[in-house]
Amino acid sequence: MKRVLGWVCGVVLALVAGFWCVTATADLALSAGVYGTPGTYEVRTCYDTNSSRKNSDYDCYGDFTPDGGTPADAVYVHLTDTGTDYPDGSEFDARQGIEPQTIQRAGFWGVMGELWQVAICVVILAALGHQAIKPRQESPHNREPSRRQKVADQVAGYAILVAVPVGLLSLIAQAARPTG
């Protein structure tokens, strides 16, 4: 029963992490300029949606103007960017996704804002893959790890070796990011 419950919880966690990874990767691709319409986002106003004032969570409203467009082409867009209180009137490069209301900050800071999420997803999926591949028990008489155990260790090891430093560097960059 315990093993079945572990598999069910693992599958549910893998589905959630997989969905998060796909959406974060799509946002990362938009921020990196792989697709979407380039332009400029001008912040009209931002306010803190967290009333406890402990962990700020800012919602901003403003106008997205496509490159080469006029102010008449601007689209009023709600931008959810947790932790960043953009000053009113500030502008930054942005990209508009397939849906008109999908806006991501473009360039280095936009990529850094999405990269840590992808890294966390990869770590979670690698840890779940390790748990699924590794054998249930190692023989106490055999000093050499089984081939299956070696593969499980490599799956988790390589993914974590890359994803953890990338995620940490992304979070550090986000903490040092200028707000304007």
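Residues in the range 58-83 that are open to solvent by 40 Å² or more (accessible area, probe 1.4 Å), at pLDDT 80 or above and in a strand (DSSP E or B): Y61, V75, Y76, H78. Are any of the residues in the range 96-108 in contact with a Pro (Cβ under 7 Å, 6 or more places away or on another chain), basic (K, R) and surrounded by 17 or more Cβ atoms within 10 Å (Cβ to Cβ)? No, the range 96-108 has no match at all. Here C121 passes the criteria (1) open to solvent by 50 Å² or more (accessible area, probe 1.4 Å); (2) of a type in the set (A, V, I, L, M, F, W, C); (3) touching a Phe, Trp or Tyr at 6+ places or on another chain (Cβ under 7 Å) except the one numbered (1).
Do we have any residue at all in the range 84-103 that's part of a loop (DSSP other than H, G, I, E, B), touching a strand residue (DSSP E or B) at 6+ places or on another chain (Cβ under 9 Å) and at pLDDT below 75? There is at least one residue in the range 84-103 that is part of a loop (DSSP other than H, G, I, E, B), touching a strand residue (DSSP E or B) at 6+ places or on another chain (Cβ under 9 Å) and at pLDDT below 75. State whether the residues of the range 84-91 include one that is crowded, with 17+ Cβ neighbours inside 10 Å, within 23 Å of A173 (Cβ to Cβ) and free of Cβ contacts under 8 Å to residues at least 60 places away in the same chain. Looking for residues that are crowded, with 17+ Cβ neighbours inside 10 Å, within 23 Å of A173 (Cβ to Cβ) and free of Cβ contacts under 8 Å to residues at least 60 places away in the same chain, one finds none in the range 84-91, hence no. In the range 128-159, of all residues being buried (at least 17 other Cβ atoms within 10 Å of the Cβ) and in a helix (DSSP H, G or I), the one that is nearest to the chain's Cα centre (by Cα) corresponds to A159.
If only residues of the range 4-57 that are of a type in the set (D, E, K, R) and in a strand (DSSP E or B) are counted, the one that is farthest from G113 (Cα to Cα) is R44. Within the range 28-55, the set of residues being small (G, A, S) and open to solvent by less than 50 Å² (accessible area, probe 1.4 Å) comprises A29, S31, G33, G36, G39.
The values are calculated or read from the model by the stated rules, or taken from the named source; none is laboratory data. From a predicted model like this one, the values you see are computed outputs, not experimental measurements. Because the Cβ atoms are built from the backbone with ideal geometry, glycine has one as well, and the counts that use them run over all protein chains shown. To get the accessible areas, we keep the full protein, side chains included, count just its heavy atoms, and leave off ligands, DNA and RNA. Shrake-Rupley method; radii C 1.70, N 1.55, O 1.52, S 1.80 Å.
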